[in-house]
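As structure tokens, the structure follows; a few thoughts come after it.
The values are calculated or read from the model by the stated rules, or taken from the named source; none is laboratory data. For clarity, every value in this text was computed on a predicted model and none was experimentally measured. Please note: Cβ atoms are built from the backbone with ideal geometry, for glycine as well, and neighbour counts cover all protein chains shown. Heavy atoms of the whole protein, side chains included, go into the accessibility calculation; ligands, DNA and RNA do not. Shrake-Rupley method; radii C 1.70, N 1.55, O 1.52, S 1.80 Å.
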Amino acid sequence: MSLLTMKGIYKGFPGVQALTNVQLELKAGEIHALVGENGAGKSTLMKILTGIYEKDEGKVIYQGEEINVANTKEAQELGISIIHQELNLAQDLTVAQNIFIGREPRKFFKLFVDEKKLNQEARELFEQLNLNLDPTEYISNLSVAQQQMVEIAKALSFQSKVLVMDEPTAALTDSEIKTLFKIVEQLKQDGVGIIYISHRMEELKRVTDRITVMRDGEYIDTVDTDETTIDKIISLMVGREIYESSEPKSITGSNEVLLEVKNLNREGVLKDINFQLKKGEILGFAGLMGAGRTEVARAIFGADSIDSGEIYRNGKQVKIKSPKEAVKHGIGYLSEDRKRFGLMLDMDVKTNIGIASMDSFVGSVGLTKQKAMEQQSKEMVEQLNIKTPSVNQEVRLLSGGNQQKVVIGKWLTRDSDILIFDEPTRGIDIGAKGEIYKLLNDLAAQGKAIIMISSELPEILRMSHRVIVMCEGRITGELKNESATQEEIMTYATQRIG
Amino acid sequence: MKTEVSNPGIEKRKSKLPFKSGALQQILAFSSLIVLILFFSITSRNFMEFSNIMNILLSTSVIGILALGTTLVIITGGIDLSIGTAMTLCSVMTGVFITFLGLPIPIGILLGILSGGLSGFLVGSAVAKMKIPPFIATLAMMMIAAGLALVISGTRPIYFSDTPAFTQVALGSIIPGIEIPNAVLIFFLMATIGYIILNKTVIGRYTFSIGSNEESTRLSGVNVNRWKIIIYSIAGLFTGVAGVVMAARLNSAQPALGMGYELEAIAAVVIGGTSLSGGKGTMVGTVIGALIMSVLTNGLRILSVPQEWQDVVIGIVVIFAVYADILRRRNT
């Protein structure tokens, strides 16, 4: 009998249909994998299950009854818990204090926390789970794996019958993963149903019973783990449909290397990154979330410091220690999180376009040349077809695609000839995506060199001349576009060490 | 996006409001000022007399100049608690240069103002380079400046009795015929300078930009640390000017004064519609905010409301000013 059934789930956000008719069935004592590319809708589905989001349509049946969970607390009380990818523990409290936060045992007319009882209860919980943890230890003294264990213990202290684990092994070492799997197996014996989200295929093969695949917010299939192969799962994940490539790819014969990176290293983040970027080229960076692609971009741009490595600009070695120096060397960075790292939302279009080039808009006595700036931004608005009533419009009132164009305008105004696009179409609707693609092609045709980081494989294949694939901070593959396939990229992207 | 038009830059969107969103608070503040003035002119016959109006303006000048400088800092998303006692320190330094060292008055004034700039530079460096939160860095500077003012002056007021011309800096009148004290003129001059810095120069651009999104600004290749130091230093120069005006008005440097002035200045800035979370604010608003505070104080005094109750009223005004700002944000 099934412990949990979700069926016909729909969820829309402004501008995006996140889930369309999605289903999921979980049995007691089952480890059920939920897989799909970034943006496939796994997290959204889990957030609906645990009451973080409200579903638009559909049914959630739990232990034979339909439930409508309003918030996380209600879900926990019902016995549905989630362990998030990023840990949510208070670093300056102890293990036991974290586990029982919000429901501490009290004493003396409920005025004081009964620390003794608190620790005792935690100890009993650990015994039950065969965990070797000291309840009085501070979280800040624990390793990531131990913190993960605390999260699991916390989730189970609610007598959970359904446990969602979102990328639980992402930050763990191999021996820590083994310990985690032991606990997972034990929970399974106790009849807990586990929904296990992971990108690591070998892991799924090892621990799960069934696998449900999602793609583009839709349910694709549920298969028995024993009766399938990793390749089969990957092809279900990426699907067959490719974006219609109406845009002819601009091909350049240029061999001029604008940027070369040699042996870039950053402890624990990047290892031996080597690549060249040529004039007129779009170089795709593929990989899963956390593979280190954004970190490469930030390192080149001087936003994060590096431990070692050399950067060559037009054959000459350069030192880039801050974004200011990167900008001076003609590099522009368009962050995946425009609102946090790319725009001043409360300021107008013209300032956002001019901000990287203020030097050229300053007159003799330090006064800004308002007219020149306005003129330049008007040109950009026209050239990039930015839809805004005027250059004095606040940027936060523009759509995602137009905001992205404003950031592009900023770097074009600065005459940057190396542009790093980090997820250029994230949060942009389909129509505007095409426009951004066309813009990227045009820029490449004009001789700009472009690095395009993207988690969308069709986008990578459609746009780039060459593809670099990363996994766990290393470059695991480099492919010529003509020969690259989604499956091939996925294989490199999941190529873990050991 | 219904408001989008295909021909950008040429057509303008018809705005729902007749002014930009940030201007509402300012208009609100300005109408409050008018209402207050009307109220006091009706309730008290003396209020609208020329001498009383000059009185109000004169008492606005010092706090007003402080508020103008600190508006810059607050727009970056920072705060400066040191301006009150730093102003006192500048008064004392002016006394040291003119009375103790016997330097010519203009040079003494210049050095007095520069000591304010130095104090701002130090605070700015602590904030930008040492990454000390502005609240803490300026709290420390507030104490340091208060202590130094007492140490340097030997805890006694420094009088400018040997240089009777000095007091004319604040109380004299440079415009013949009209008895407007120079302190008031200096206030308006500084307001104009502040307006130009904030709206016409690259410094002002970066001030807003840092306050609006510091990380985006940094990633646009702007040396945020350097500009922060510059902004705090400019605010410090304003503090220096306030210190000189204060000393000239009292014809002495009073080393024990100054504590609490920073809060009045910050209140004026906030009443004027500048957001404490940064990115938004105007110099005109600050001028209006400072005027509201002194009109209130003056009017209530004329109506014989005791000092204690005046403070209560101003506190309530601050609450409503900020609440109006929050309501405005919620609506946009």
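Among B:Ile288, B:Leu300, B:Ile314, whose Cα projects farthest towards the positive end of the dipole of the stretch B:279-332, with charges put on the beta-carbon of Lys, Arg (+1) and Asp, Glu (-1)?
The one lying farthest along the dipole's positive direction is B:Ile288.
Which distance in Å, rounded to a whole number, links the C-alpha centroids of the stretch A:95-146 and the stretch A:391-468?
The stretch A:95-146 and the stretch A:391-468 have Cα centres separated by 49 Å.
Can you work out the accessible area per residue across the protein assembly as shown, with the rest of the protein chains kept in place, probe 1.4 Å, in square angstrom? The partial results should precede the final answer.
Numbers: 36750 Å² over 830 residues.
Using a 1.4 Å probe on heavy atoms only, each residue of the protein assembly as shown averages 44 Å².
Take A:Glu54 and A:Glu325, extend 7 Å from each Cα along the Cα→Cβ direction, and tell me the distance between the two endpoints in nm.
Distance between the two pseudo-spin positions: 5.2 nm.
Once both labels are modelled 7 Å past Cα along the beta-carbon direction, what's the A:Thr222-A:Ser308 spacing in nm?
Here the answer is 5.1 nm between the modelled labels.
Which of rounded, prolate, oblate describes chain B, given a ≥ b ≥ c as roots of the alpha-carbon gyration tensor eigenvalues and a/c under 1.5 marking rounded, otherwise prolate only if a/b is larger than b/c?
Since a/c reaches 1.5 but b/c is at least a/b, the shape of chain B is classed as oblate.
When only Cα pairs under 8 Å and 6 or more residues apart are kept, what is the percent relative contact order across the stretch B:48-331?
35
Taking +1 at the Cβ of each Lys and Arg and -1 at the Cβ of each Asp and Glu, which of B:Phe160, B:Leu101, B:Gly77 sits farthest along the dipole of the stretch B:48-331 towards its positive end, judged by Cα position relative to the Cα centre?
Checking the options against the dipole of the stretch B:48-331, the answer is B:Gly77.
If you put +1 on each Lys and Arg Cβ and -1 on each Asp and Glu Cβ, how big is the dipole of the protein assembly as shown around its Cα centre, in Debye rounded to 20?
Dipole magnitude for the protein assembly as shown comes out near 2440 debye.
At a Förster distance of 25 Å, what's the computed FRET efficiency of B:Thr155 paired with B:Leu114, Cβ-Cβ distance as r, to 0.05? Provide the component values of the computation, followed by the final result.
Details: r = 24 Å, r/R0 = 0.96.
In this case the efficiency is close to 0.55.
Let me know the shape class of the stretch A:55-186, please: from the alpha-carbon gyration tensor, a ≥ b ≥ c as square roots of the eigenvalues, rounded when a/c is under 1.5, otherwise prolate if a/b is greater than b/c, or oblate.
Oblate, because a/c is 1.5 or more while a/b does not exceed b/c.
Using a Förster radius of 51 Å, what is the FRET efficiency between B:Leu171 and A:Gln91 based on their Cβ-Cβ separation? Nearest 0.05, please.
The value I calculate is 0.30.
State, to one decimal in nm, how far the label point of A:Glu65 lies from the label point of B:Val305, with both points 7 Å from Cα in the Cβ direction.
6.0
Say the dipole of the stretch A:360-471 comes from +1 at the beta carbon of Lys and Arg and -1 at that of Asp and Glu; which of A:Ala449, A:Thr388, A:Met373 then lies farthest toward its positive end?
A:Met373
Once amide H atoms are built 1.01 Å from N in the peptide plane, which residues 5 or more positions from A:Thr476, or in another chain, come under 5 Å H to H?
Sorted by chain and number, the residues that satisfy this are A:Val469, A:Met470, A:Cys471.
Go through B:138-148, A:256-266 and give me the packing order, highest mean Cβ count within 10 Å leading. Kindly include the intermediate steps, with their values, before the conclusion.
Values: B:138-148: 20.1, A:256-266: 17.6.
Ranked from most to least packed, the peptides come out as B:138-148, A:256-266.
Got the relative contact order for chain A handy, in percent, Cα pairs under 8 Å and 6 or more residues apart?
Dividing the mean separation by the residue count of chain A yields 15 percent.
Tell me the accessible surface of A:Lys278 in square angstrom (1.4 angstrom probe, heavy atoms of protein chains only), to the nearest ten.
Probe radius 1.4 Å; accessible area of A:Lys278 about 50 Å².
Determine the calculated [θ] at 222 nm for chain B from helices alone, applying -39500 (n - 2.57) to every DSSP H run no shorter than 4 residues and normalising by the residue count; nearest 500 deg cm²/dmol.
Using -39500 (n - 2.57) per qualifying helix, the result is -23000 deg cm²/dmol.
Among B:Ser294, B:Ser220, B:Ser32, determine the one that fluctuates most according to a GNM of chain B built with springs between C-alpha atoms less than 10 Å apart.
Sorting by GNM fluctuation, first place goes to B:Ser220.
Sequence gap at least 6, Cα distance under 8 Å: using those rules, report the relative contact order of the stretch A:2-238 to the nearest whole percent.
Result for the stretch A:2-238 is 30 percent.
Sum -39500 (n - 2.57) across every DSSP H segment of at least 4 residues in chain A, then divide by the residue count to get the 222 nm mean residue ellipticity, nearest 500.
Mean residue ellipticity at 222 nm (helix-derived): -9500 deg cm²/dmol.
Quick one: Karplus J couplings for the stretch B:190-202, per residue in order, coefficients 6.51, -1.76, 1.60, θ = phi - 60°, nearest Hz, x for Gly and Pro?
3J(HN,Hα) across the stretch B:190-202, in whole Hz: 5, 4, 5, 4, x, 4, 5, 4, 6, 9, 10, 10, 5.
For a Förster distance of 35 Å, can you work out the FRET efficiency between the beta-carbons of A:Gln189 and A:Lys73, rounded to the nearest 0.05?
0.80
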